[in-house]
């Protein structure tokens, strides 16, 4: 923990974790569906950021590079150079998928909320139907 | 002939932007990009050009370049110095007004060029355009006159002169 | 050397906590959208610093562009204030 | 703050504390480590590796290679989730009349002309991002969302009527979306179909030569690698995403009267 | 000779960038000091043209002069120049659309204003 | 490993056939075409699923490498007897439901309805076949989103929209938590392959090709990953504290979809629990101590939801809600059997899942006829009195759920569960089983009673004129129920298959060997 970079990184990850908490609180306690919707987008964004932070690494000297080969390599040894400096590409690929999936669900949810408003003339969760939203 | 020319104009604009945007000259990018540009040209040509082009339009293009240089050099510098003076002076000394000024260019492109030039010089912003009666409504930071004809002389005469030559 | 980018990331993460809190607490939906856009921008900065340009290219149109646009459409079609 | 909210807040706080503890206790390895995970190193070593083509995707960009080749089926179903969502939205608003009453005013002539000039530039930059997906950061989804932004811009600046008159009605957009997805599907089974026809072993989502499967997509186009299937995936995905996102936006921005009219002539059988 | 031209290009570019910094500053102060939405928009225009287009051209000149960058410098210059042109199109359309929307919806305060031709004719 | 192309092709085929439909809608306007199309597609799907089942029946674990990459590098589908059995079950119910929809669903947008039916099938098969933790998440989303859309299919009904929103909001949180679990597993195990994780959770020192060794303190991370994913699965399976969505969403969906819910979504919840707690983090893994606690808690929750479901079922006046609560009760029983932790318990749970899915579907199919004619109240069941086949089938479905006729599979599943509880000495669980059966029995008798009092038709509906399709579907389901019940007694091979399926879920070594080719 004496290392300042680790300390800053801990700050980053802990604030993401706090964000998870705040947004989940918003999803479960706010009465307005739109507010729930916004909180939900923040929630899944935070999970994605968490994964990106997982994929980050430090290199012996300098700053890590992106997971892209800058030019067409001439022989095998150039590949090892990239593997020694690049960040982890797997979480990025997973997050790419997760972002698109999230967008898909949110668009449908938005349509549902508009329809809900057409029927009930409010975006607040109705207490009827035997219970609250969660 | 003239039809092909209009396609060519849109194509060259698209393709040159593509080359600058992608930033490579590898054959891969050039060939695929030309295919893509042809596709885009076919898609948007009717949106962009209502009147087919002719060779005389080359002359117009030269005017466009000249106009651009003049515009950057003279009008913008003057307007920028003015607004710097206003902002930095001890007491803000402005007399804002919305004035009506007529315009005489024929095409929408010409109108947009004039309006864009007016808006891009600090101190004047086109708030509304009346394409039927051909009037701009301009918000003027330091209005010298409320008279349409006089205001036109102060604001847009020089822009319009070139715009008429370029777009008719 | 690597201290500067990491501190940018840490600061924007802290900023995002504030933005998230305000977005969840505010009663005006429009300002909630604005705060969530601020939070998204902070995240985009984090992704950029953490060397994920692909994610930035997806995230900026989606979370700073499309989703706020959809949310604003949603608010215009429904109601603006929470009880 | 009633009792329920307190319970929820406490349980969420507990979860957050637990998560923080797990991270701090090294549950995910050291924070900001120097070592790379072995799997990530394998991907980085193989993403462009003509000397060991059996595990290579022939793509300079590792993320696109993972997204469309190593984990291709993930991405296929990811894009079908988007498809389901978009078709779901249009199912939700089914029965509206497209042309009636949609605003045909748009913004002023100045903005319209500026948008006209910009439209080919936005289109070509979206295409460029998609075409170079396997060479530089970016890819099909990114390019597609660029193009979708143009269609959204057109429908805002010129009005929906204008977009529909130009042949991009919602039903056409849905067909375009389907076509893009069918392109993705066709690319993913292309080598399999060839293999079945010629009696050679091949895999679903096969790209280059693999263990016991000798077929391969073209690895090079002129002077750059194509990443085999990746180029086709990116282009088709860009088409699908552009059509899909603009479709969803148009449907979501329908005005109240139209939707209500559709609701009134409802068709609710049980 | 070529070095001299390069140097001149770089110096001219740096001068343009310096002007850009100055006008960004002007734009910021103007946003604070000017009284209402419409007048502030003028300051923002100064920030967009003087503060973004001009330094972009400066960056193009610097890139052209920086020979050690090799052939990619032409792309840098081209990209910077192209974005300056794009900015000029976008900035005017954006300012105009903002002003028009604000005027039509009457969201922004119009005062102080000496004369309003648009209102006298009933708008639109 | 290209042994069985069918495994990899099935979800892709279903999804691809769904893609075509919106495009076809411009060409073919006649909605009848889409009914035939969907039925044909799902029948082909059923054929493929049974091929896979027959292959795994030979004691093999079938794998398919997508893109030809070796496992930790690429995604693989890996199907053991357990997954194949459940896959066959859900495809079977999908075919029945689509055939039933041909009769029941009338809309101008029928082609879209079938799009979602097919994608629902693709999602469930993908979940059951996949051998990758992140791919499981993607398929879970395919499944969930199709379900949200189908619940809101009658969008003119305010209740459908409301139910869909409630379901979608919490469902999104649940799947996101699973996503977090997947990220955490990647973070600490450095791999996403289920078999790879299963191997490393038992032997942390092992280093596999491509993915190397573990990366962090796997005890902590496995614990939190299990906690998060188990929460998701209890939500999907509608177990007690997370059961609230099922009685909301299920009745508001079109009846064929309600019938499908049990066999598709609840089933995935149970499957996920078994995969995670038995195959991946099973016996002998680093989280052994915690695993027993979680199993115990789940056992408790299963018992609670069995009793609560049975109690709430008594007060329902809506027949679809009644069946939904009966589902909750029976899923609770299945969970109790799963979390006993023995192979016998798993076998009993599989039998219970099969019996429950079939009979709940049967109840929905038969009551659907009554609902069309006379509305959704419990009394409307009386309409069936004139229709011999339907009323007999309804009775059989109820008796199967009640579990007192030895001819039906429901009886045997309860017997095996009882034996499984006694084997490990869970006397109180056995008592809970009997009690919940008794309580729900009261409800079933009430329903049978309303079958006796004839209700007249409340509305004219053209669909009631021609019910051949319904009769076919109902007859098929009844025959399956009877055949299964009889084969439990008469065919010793049948029970050994069920036990093998249970054993396959526990036998992680065979799973890992097949996946990693060791």
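General observations
- Hull volume in cubic angstrom per residue (convex hull over the Cα atoms of the protein assembly as shown): 185 Å³
- Taken over segment D:72-264, the convex hull of the Cα atoms encloses 131 Å³ per residue.
- Label-to-label distance, nm, for residues given as residue A:81 and residue F:472 (7 Å Cα→Cβ offset): 6.8 nm
- A simple spin-label model places pseudo-atoms 7 Å from Cα toward Cβ; at residue B:104 and residue A:7 they are separated by 7.3 nm.
- Förster radius 25 Å - calculated FRET efficiency between residue F:342 and residue F:54, Cβ distance, rounded to 0.05: 0.40
- The C-alpha atoms of chain F define a longest principal axis, and helix F:288-314 lies at about 0 degrees to it.
- Projecting label points 7 angstrom from Cα along Cα→Cβ for residue A:121 and residue F:442 puts them 4.2 nm apart.
- A straight chain from residue E:108 to residue E:12 at 0.36 nm per residue would run longer than the Cα-Cα distance by 30.5 nm.
- Average projected area [Cα convex hull, chain B], square nanometres: 12.3 nm²
- Percent of Cα pairs exceeding the 23 Å cut-off, where the set is segment D:1-128: 72 percent
- Radius of gyration and Dmax over the Cα atoms of segment F:58-212, both given in Å: 18.6, 60
- Entry note, chain F: the mean residue ellipticity at 222 nm calculated from DSSP H runs of n ≥ 4, each adding -39500 (n - 2.57), is -25000 deg cm²/dmol after division by the residues and rounding to the nearest 500.
- Helical runs assigned H by DSSP (4 residues or longer) give chain D a calculated mean residue ellipticity at 222 nm of -20500 deg cm²/dmol, each run adding -39500 (n - 2.57) before division by the residue total.
- Label zone of residue D:11 (point 7 Å out along Cα→Cβ, amide N under 17 Å): in segment F:241-277 this covers F:241-246.
- Once divided by 2.2 N^0.38 Å, the Cα radius of gyration of segment F:241-319 becomes 1.36.
- In the frame of its principal axes, segment F:374-455 has Cα extents of 48, 22, 16 Å, reported largest first.
- With respect to chain D, whose longest principal axis is taken over its alpha-carbon atoms, helix D:72-92 is tilted by about 10°.
- Set against the 2.2 N^0.38 Å expectation for a compact globular protein, segment F:254-371 has a Cα radius of gyration ratio of 1.15.
- Normalised by 2.2 N^0.38 Å, with N the number of residues, the alpha-carbon radius of gyration of segment F:379-518 equals 1.41.
- Percent breakdown of C-alpha pair distances by 10 Å bin, ordered from the shortest bin, for segment F:34-140: 15, 40, 31, 12, 2
- Per-selection Rg to Rh, segment E:10-65 - Cα, Kirkwood hydrodynamic radius: 1.12
- Cα shape, chain C, gyration tensor, a/c 1.5 rule: oblate
- Cα convex hull volume per residue for chain E (Å³): 118 Å³
- Share of pairwise Cα separations in segment D:58-162, more than 17 Å, in percent: 67 percent
- Degrees between helix A:89-120 axis and first principal axis of chain A (Cα, 0 to 90, nearest 10): 10 degrees
- Quick note on segment F:214-263: its Rg to Rh ratio, both from C-alpha atoms and Rh being the Kirkwood radius, is 1.24.
- Note on segment C:1-43: Rg/Rh from C-alpha atoms, Kirkwood Rh, equals 1.13.
- Across every direction, the projection of the convex hull enclosing the Cα atoms of segment D:2-73 has a mean area of 7.9 nm².
- For chain A, the Kirkwood estimate of hydrodynamic radius, built from reciprocal distances between every pair of different alpha carbons, is 18.2 Å.
- Efficiency of FRET between residue B:34 and residue E:22 - r from beta-carbon atoms, R0 41 angstrom, step 0.05: 0.45
- Cα convex hull of segment F:145-260 - mean projected area over all directions, nm²: 8.3 nm²
- Helix-derived mean residue ellipticity, 222 nm - over chain C, DSSP H n ≥ 4, -39500 (n - 2.57), to 500: -24500 deg cm²/dmol
- Part-to-part distance (alpha-carbon centres) for segment E:25-75 and segment F:469-500, which is given in Å: 77 Å
- Note that segment F:5-516 carries a Kirkwood radius of 22.8 Å, evaluated over its alpha carbons pair by pair.
- Cα gyration tensor category, rounded, prolate or oblate, for segment B:2-48 with a/c compared to 1.5: prolate
- Förster radius 30 Å - calculated FRET efficiency between residue D:2 and residue F:297 (Cβ-Cβ, nearest 0.05): 0.65
FYI, it's all coordinate maths here, none of it is from the lab. Given the structure is predicted, the values throughout are model-derived calculations rather than measurements. Using ideal geometry, Cβ is built from the backbone for each residue, glycine included, and neighbour counts are taken over all protein chains shown.
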